1. Is it true that K151 is under 16 Å from the mean Cα position of the chain (by Cα), charged (D, E, K, R) and surrounded by fewer than 19 Cβ atoms within 10 Å (Cβ to Cβ)?
2. Tell me the residue from L69, L93 that is in contact (Cβ under 8 Å) with a residue 40 or more places away in the chain and open to solvent by less than 60 Å² (accessible area, probe 1.4 Å), please.
3. Only residues that are open to solvent by 30 Å² or more (accessible area, probe 1.4 Å), among the aliphatic types (A, V, I, L, M) and in contact (Cβ under 8 Å) with a residue 24 or more places away in the chain: list them for the stretch 45-66, please.
4. May I ask you to list pairs of residues, at least six apart or on different chains, whose Cβ atoms are under 6 Å apart, with the first in the stretch 22-44 being within 14 Å of E152 (Cα to Cα) and the second being part of a loop (DSSP other than H, G, I, E, B)?
5. Identify the single condition in (1) surrounded by 16 or more Cβ atoms within 10 Å (Cβ to Cβ); (2) within 27 Å of G164 (Cβ to Cβ); (3) not basic (K, R) that S23 does not satisfy, given that it satisfies every other one.
6. Considering only residues that are open to solvent by less than 50 Å² (accessible area, probe 1.4 Å), out of contact with any His (no Cβ under 9 Å at 6 or more places or on another chain) and among the polar types (S, T, N, Q), which ones fall in the stretch 102-141?
7. Does any residue of the stretch 47-65 turn out to be closer than 16 Å to S139 by Cα and at pLDDT 95 or above?
8. Just the residues that are within 18 Å of the chain's Cα centre (by Cα) and part of a helix (DSSP H, G or I), please, taken from the stretch 79-110.
Amino acid sequence: HFDNVLGTSLDLKIIASTEAAASTAEAKVLAEINRLNDILSSRESSEFNLWRSTRGESVEISSELREVLQHFEKWNVKTDGALNPASEHIAKLWTSEIPSASVLAMAVTVVNQPHWSLDENGATRLTETELKLHSFTKSYVMEKAATEAMKEDGVAGVVVNIGGDFVV
């Protein structure tokens, strides 16, 4: 059990032929989570945060950030806009009072516009709208961490549980 992993707790179960293999796999899981958190979190120094502070210029981004942005594009279409990294904009409207219909309509327009464009080498931030990757980025990180554990010789299975979300 580990606390304060992606803002919650991590429980990790590893099936391995030796304790050494299990320990190495555990270290790989933790290292991958930390590496991806440095890229995808909203922390001030993360790659995502540095990129989202730019406007109107293509900025070279990691393959991991590109992949997450592509996932958001895909799932935004599949969910008819329900999964949207700009949804925080609408949520903030409800913090002090119920917004009027016109304010909500304007917010939906703001949220549903393209917020970035991807090119061969990078990504261009197109709007000022606040973006958060938390919607399903946690499961992306968990999947990548589990994959790293499974690469270890002698590891037959892994269960990653972060805040009640599981990858097996």
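1. Against the criterion (under 16 Å from the mean Cα position of the chain (by Cα), charged (D, E, K, R) and surrounded by fewer than 19 Cβ atoms within 10 Å (Cβ to Cβ)), K151 does not qualify.
2. Testing whether each residue is in contact (Cβ under 8 Å) with a residue 40 or more places away in the chain and open to solvent by less than 60 Å² (accessible area, probe 1.4 Å) leaves just L69.
3. Across the stretch 45-66, the qualifying residue is only V59.
4. The qualifying pairs are T24/E152; A25/E152.
5. (1)
6. Correct list: S117, T124.
7. Checked the stretch 47-65: at least one residue is closer than 16 Å to S139 by Cα and at pLDDT 95 or above.
8. Scanning the stretch 79-110 gives E88, H89.
The values are calculated or read from the model by the stated rules, or taken from the named source; none is laboratory data. Just so we're clear, the structure is a prediction, and the values are computed from it rather than from any experiment. All Cβ positions, glycine included, derive from the backbone under ideal geometry; neighbour counts span all protein chains shown. Accessible surface areas use protein heavy atoms only, side chains included; no ligands, DNA or RNA. Shrake-Rupley method; radii C 1.70, N 1.55, O 1.52, S 1.80 Å.
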